[in-house]
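Read-outs throughout are calculated quantities, based only on the coordinates presented, and are distinct from any laboratory measurement. What you are looking at is a predicted structure, and each value in this text was computed from that prediction instead of being measured. Counting neighbours? That spans all protein chains shown, and the Cβs are built from the backbone with ideal geometry, glycine included.
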Amino acid sequence: MIEKPTIPLAEWPGLSNVKILRGDLIHPIVSGNKLYKLLPIIDKARSQNKSTLISVGGRYSNHLHALAWAGREFNFNTVGVVRGFSAQELTPTLMDCITWGMSIHFVDFQMYEQRYSPEFWQPWLDKYDRSFPIYEGGWSEEAIAGSKSWWRSIPSTTDVVICAIGSGSTFSGLLMSAPYNVEVIGVPVFKDPDQYTDLRSKITGVTGLNKSLPLWEGFAGRGFGKLSAEQKNFKVWFEGRTGIPLDPVYTAKAFYALHTQLALNPSLQNKNIVIMHSGGLQGNRT
Ligand SMILES: *Cc1c(COP(=O)(O)O)cnc(C)c1O
């Protein structure tokens, strides 16, 4: 097994009450939160005597990247069903996946839309013997439980923890296991036409929490992986000041959200805040 390290903290530029949890430093190859989510899923697959892990994602997917690496590390075959076309140039992400032994299959946009239905999965499960499906981003009870590991590295004096939301596993895990006096706030990074109703009901469904979810909305930028001009400027400023790289999908948006809220909301000045750097830097390569 992989040792779960204590993760270092860095200081936010000019603010001693705001700390950055350097999850990007967890591991040199599979940085960030994906490993915490995958390890318990892999344990479950092993306990069911499965030999192939199948999952889905985009061409820059941090999740597929970590899965391919973990499959090689823990002796599983891996299959990635990728939104895209085989005629497109391979991304560095997919090249790594292939190097680590993942079989890649491309599906088009419409097919990918079906990824939550059993009909989408059945042909892949039939094709690969003793295979185990993993939802997009690792969304599962196991991944949610695995995300509790972050608390080991969060100082006990913390009042507020902030993280980006993709599948919502990390946020759900943190919410469910938060000490009673710690507020966990999530920053959705994708635009949602329904005001995040689906996201909220998905998360309240698994966590069983029926209070309103603390989300900072309005920071999705121009769309998945696309930053607004303000977010771009912020990213350049932050990286220059701290030397800590951000990714355009998750961390640049979550960190910009905090930067904005710190200016808008004076009550945050008196709180001990930890923002999670959830990694994702492999996706920066082009
Ligand atoms: C996947 C990912 C997230 C989102 O985590 P979820 O548990 O899917 O919500 C955040 N940051 C990075 C860098 C990621 O790769």
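Okay, here's what the table says:
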quantity: Pairs beyond 20 Å (Cα-Cα), from Lys44/Lys202; Lys148/Lys202; Lys191/Lys232; Lys191/Lys253; calculated: Lys44/Lys202
quantity: Segment 166-286: translational diffusion in µm²/s, Stokes-Einstein, Kirkwood Rh over Cα pairs, 10 °C, 1.306 mPa s; calculated: 103 µm²/s
quantity: Whole-Hz ³J(HN,Hα) from phi, Karplus 6.51 cos²θ - 1.76 cosθ + 1.60, for segment 233-244, glycine and proline x; calculated: 4, 4, 4, 4, 4, 5, 5, x, 6, 9, x, 9
quantity: Mean residue ellipticity (222 nm) of the chain, computed from DSSP H runs ≥ 4 via -39,500 (n - 2.57), nearest 500; calculated: -10500 deg cm²/dmol
quantity: √(5λ) per eigenvalue of the Cα gyration tensor, segment 173-244, largest first, Å; calculated: 27, 18, 8
quantity: Amide H contacts under 5 Å for Val184, placed H, 5+ residues apart; calculated: Val161
quantity: Protection-proxy order for peptides 149-156, 278-285, each taking the mean of Cβ atoms within 10 Å per residue, highest first; calculated: 278-285, 149-156
quantity: Whole-Hz ³J(HN,Hα) from phi, Karplus 6.51 cos²θ - 1.76 cosθ + 1.60, for segment 104-111, glycine and proline x; calculated: 10, 10, 9, 10, 7, 3, 5, 4
quantity: For segment 203-216, Karplus couplings with θ = phi - 60° (6.51, -1.76, 1.60), whole Hz, Gly/Pro x; calculated: 6, 5, x, 7, 7, x, 7, 10, 6, 6, 6, x, 10, 9
quantity: Rel. contact order, % - alpha carbon contacts under 8 angstrom, at least six apart, segment 224-286; calculated: 36 percent
quantity: Sequence-separation-based contact order of the chain, relative, with Cα cut under 8 Å and 6+ spacing, percent; calculated: 24 percent
quantity: Assigned charges on the beta-carbon of Lys, Arg, Asp, Glu; segment 152-286 dipole about Cα centre (debye); calculated: 240 debye
quantity: Percent of C-alpha pairs per 5 Å bin, segment 25-140, short to long; calculated: 2, 12, 24, 26, 21, 11, 3, 0
quantity: Shape call, segment 1-90: gyration tensor on alpha carbons, a/c limit 1.5; calculated: oblate
quantity: Given charges at beta-carbon only (K, R positive; D, E negative), |dipole| of segment 1-137 in Debye; calculated: 320 debye
quantity: For Thr78, residues with placed amide H under 5 Å, excluding near neighbours; calculated: Leu53, Ser103
quantity: Protection-proxy order for peptides 26-37, 208-219, 44-55, 161-172, each taking the mean of Cβ atoms within 10 Å per residue, highest first; calculated: 161-172, 26-37, 44-55, 208-219
quantity: Space enclosed by the convex hull of the alpha-carbon atoms of the chain, per residue, Å³; calculated: 136 Å³
